[in-house]
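Okay, structure first, notes after.
The values are calculated or read from the model by the stated rules, or taken from the named source; none is laboratory data. It should be emphasised that the depicted structure is a prediction, and the values quoted were computed from it without experimental measurement. No Cβ is skipped: glycine too gets one built from the backbone with ideal geometry, and neighbour counts run over all protein chains shown.
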Amino acid sequence: MGSKALFFFALLSFSALSCLIKTSSASDNQNEQDPGLVMNFYKDSCPQAEDIIKEQVRLLYKRHKNTAFSWLRNIFHDCAVQSCDASLLLDSTRRSLSEKEMDRSFGMRNFRYIETIKEAVERECPGVVSCSDILVLSARDGIASLGGPYIPLKTGRRDGRRSRAEILEQYLPDHNESMSVVLDRFASMGIDTPGLVALLGTYIISIYIYVCVPCS
């Protein structure tokens, strides 16, 4: 598959997810009485944050190539389930199961890339930049790593401390659901039919890269 096709699907997917990110973030702010997301949220507390994330994304893409699509899927699975709060990254405890271990998260991988970026940011600004912002910004910079445009995004998200595994199936579609059910489910998230097609295309492309690139 050509690089132009890869970029096309990735850009369409991120455009679709941008609507979901905005909707989920607005819901978070309303529920927690937060003043809202802003541009350059870390300009005083960690002015190099976005540059560090961008550089780490570039290095990871140079090494592994398939990272952009992993990050796109990460933010979809995180933001689709009520909020963009990085609850996807929480590990299981005795009291709660991780979202990562649910059946509808099958095939999710490369969380270590987020950990690599987080470690780099922590070295510069310990305890400042949220994992939820890193999830969103890494997807944005993943698009740029494919030759796409740099898309300005607001930051200031808060990390969740509670797994949403118990409600995950209410939001993420099952593989055997009818197309009409899937369309309705995504429409409720603010993602239209072209956006859904782009997301499905990106998932297929990520499998194509994962399976076929080592064979070339």
A careful count of residues in segment 48-101 that are at pLDDT below 85, under 20 Å from Y150 (Cα atoms) and either of a type in the set (G, A, S) or in contact with a His (Cβ under 8 Å, 6 or more places away or on another chain) (or both) gives 2
Flag if A198 is surrounded by 14 or more Cβ atoms within 10 Å (Cβ to Cβ), modelled with pLDDT under 75 and of a type in the set (G, A, S) = yes
Is it fair to say D103 is acidic (D, E), out of contact with any Ser or Thr (no Cβ under 7 Å at 6 or more places or on another chain), surrounded by fewer than 18 Cβ atoms within 10 Å (Cβ to Cβ) and over 30 Å from E166 (Cα atoms)?
-> no
Residue ID - surrounded by the fewest Cβ atoms within 10 Å (Cβ to Cβ), chosen from residues in segment 33-61 that are under 19 Å from the mean Cα position of the chain (by Cα) and charged (D, E, K, R) | D51
Output the number of the condition that N66 fails; it satisfies all remaining conditions of (1) on the phi > 0 side of the Ramachandran plot; (2) touching a Phe, Trp or Tyr at 6+ places or on another chain (Cβ under 8 Å).
-> (1)
In segment 89-129, which residues are in contact (Cβ under 8 Å) with a residue 60 or more places away in the chain, part of a helix (DSSP H, G or I) and within 15 Å of the chain's Cα centre (by Cα)?
-> E99, S105, I117
